[in-house]
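Read-outs throughout are calculated quantities, based only on the coordinates presented, and are distinct from any laboratory measurement. All values reported here derive from a predicted model rather than from experimental measurement. Note that we place each Cβ from the backbone using ideal geometry, even for glycine, and neighbour counts take in every protein chain shown.
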Amino acid sequence: MGNRFICMSKKDTKINGSKSRRMGSRSQRKLLEDEEVALHRRALSMALQQHQLSQRFDPGSMSSRRVAGGATSRRRTLSDPFSNSKQASDFLESLKGMKIVLVHGEGFGAWCWYKTIALLEESGLVPVALDLSGSGIDTKDTNSIATLVEYSKPLIAYIENLPGDEKVILVGHGCGGASVSYAMEHFPQKISKAIFVCATMVSSGQKPFDVFTEELGSSEDFMKESKFLIHGNGTDNPPTSFMLERQHMKALYFNQSPLKDIALAMVSMRPVPLGPIMEKLSLSPEKYGTVRSYYIQTLDDRALSPDVQEKLVRENPPEGVYKIKGSDHCPFFSKPQSLHKMLLEIAQKT
């Protein structure tokens, strides 16, 4: 039939142009929606693949404050460790192959680290994201988990199976900080550094739940009155777990997170076993105290307020403290680049 040349009036051109723009706008929105759906699928696929590989996934403004041994403080950018491309290359080379174990917080799973995993791998590190018992796609019934040891079993098993004198960096988020603290006490020789990300870095004799009393009230009142409790063994028996309602989760955890990550969390979060967070930790200077620790504060956090995080740092001073402005309780969603840079800087410290 050959090519056709169609001559249109100005009016026709305007009408067709307007239709074309509307269709283009709808097409762009559809492409964005498809891209977000694909991202969620990739994230969930990553979590599934990680679990199938025995739960291993192998192959903005910031300030740093040193608190150990004194009250000195200073501001600096993360480009300070190197000022040219050769130094940057040497810096990344020094991190190559270093294992960094990512331990999720309450209700989350290995899936929540998908952005951090990708960024760490690009930098040459080997991230290992674990599902704690009853979390993520781990099949254990949350209501059957009564102790911190049971909850932390996947982390304990991973550390116990490390070869020879190999050491790893542990990163704990939220209540995952309790599992990291437990590992520091029982396997200090296998941990080179511990990084608490807006986490329950409690002192000896404290319960992880104690950190959240500002938001949830005392543990005694919570166990009696909270509407979020789940009675897995029947209402005549003590509650076994809890789960916040969707609107509460969004308000407390995700006040700065992208909508696509909130959507992922809403279909992936699981109940939190009560036993592990109501258990007092026993930590000693001879074991726990020998592991180098760091704390990353999130300054727009509504689940664990900046004041509470500051209190944790004062009561149990780590070697270094970092702050992420504009981050909610989930910096791996709201500020992944900032979190990544801080993890790299801490990892290279000698």
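So for segment 186-328, averaging the separation of alpha carbon pairs under 8 Å that are six or more residues apart and normalising by length, what relative contact order in percent results?
On the way: 199 pairs, mean separation 50.5, N = 143.
Answer for segment 186-328 is 35 percent.
Collect residues whose amide H, placed 1.01 Å from N in the peptide plane, falls under 5 Å from the amide H of S241; neighbours closer than 5 in sequence don't count.
I230, G232, L274
Relative contact order for segment 110-149 using alpha-carbon pairs under 8 Å, separation at least 6, rounded to a whole percent? List each step's numbers first, then the result.
On the way: 24 pairs, mean separation 11.3, N = 40.
After rounding, I find 28 percent.
So if each residue of separation counts as 0.36 nm, and I subtract the Cα-Cα distance between T235 and S282, what length gain in nm does that give?
Working: separation 47, 0.36 × 47 = 16.92 nm, distance 3.12 nm.
Roughly 13.8 nm would be gained on extension.
In nm, what is the difference between 0.36 nm times the number of residues separating D221 and E160 and their Cα-Cα distance?
On the way: separation 61, 0.36 × 61 = 21.96 nm, distance 3.76 nm.
Contour length minus the Cα-Cα distance gives 18.2 nm.
DSSP loop GluC sites (Glu not before Pro) in segment 147-248 with at most 11 other Cβ atoms within 10 Å of their Cβ, which ones? Could you put the intermediate results ahead of the total?
Working: sites: E150, E160, E166, E185, E214, E215, E220, E225, E245; in loops: E166, E245.
Answer by residue number: E166, E245.
Take the alpha carbon atoms of segment 265-279, find their center, do the same for segment 288-310, and report the distance between the two centers in whole angstrom.
20
Per residue of segment 184-190, what does 6.51 cos²θ - 1.76 cosθ + 1.60 with θ = phi - 60° give for ³J(HN,Hα)? Whole Hz please, x for Gly and Pro, Karplus curve as stated.
For segment 184-190, the Karplus curve yields 4, 6, 9, 9, x, 6, 9 Hz.
HN-Hα J couplings of segment 105-115 from phi, Karplus 6.51/-1.76/1.60, θ = phi - 60°, integer Hz, Gly and Pro as x?
Coupling constants for segment 105-115: x, 4, x, 8, x, 4, 4, 5, 8, 4, 6 Hz.
Please sort 229-241, 124-136 by packing, taking for each peptide the average over its residues of neighbouring beta carbons within 10 angstrom, highest first. Don't jump to the answer; show the numbers that get you there.
Values: 229-241: 14.0, 124-136: 23.9.
Answer by packing, highest mean first, reads 124-136, 229-241.
Taking H as built 1.01 Å from N, whose amide H comes closer than 5 Å to the amide H of A303, not counting residues under 5 places away?
Answer set, sorted by chain and number: H329.
Under 5 Å between amide hydrogens, which residues at least 5 positions from R292 or on another chain qualify, with H placed 1.01 Å from N in the peptide plane?
Here the answer is A194, since their amide H atoms fall under 5 Å of that of R292.
Report the calculated FRET efficiency for T290 and T350 (r = Cβ-Cβ distance, R0 = 25 Å), to the nearest 0.05.
Values: r = 16 Å, r/R0 = 0.66.
The computed FRET efficiency comes out at 0.95.
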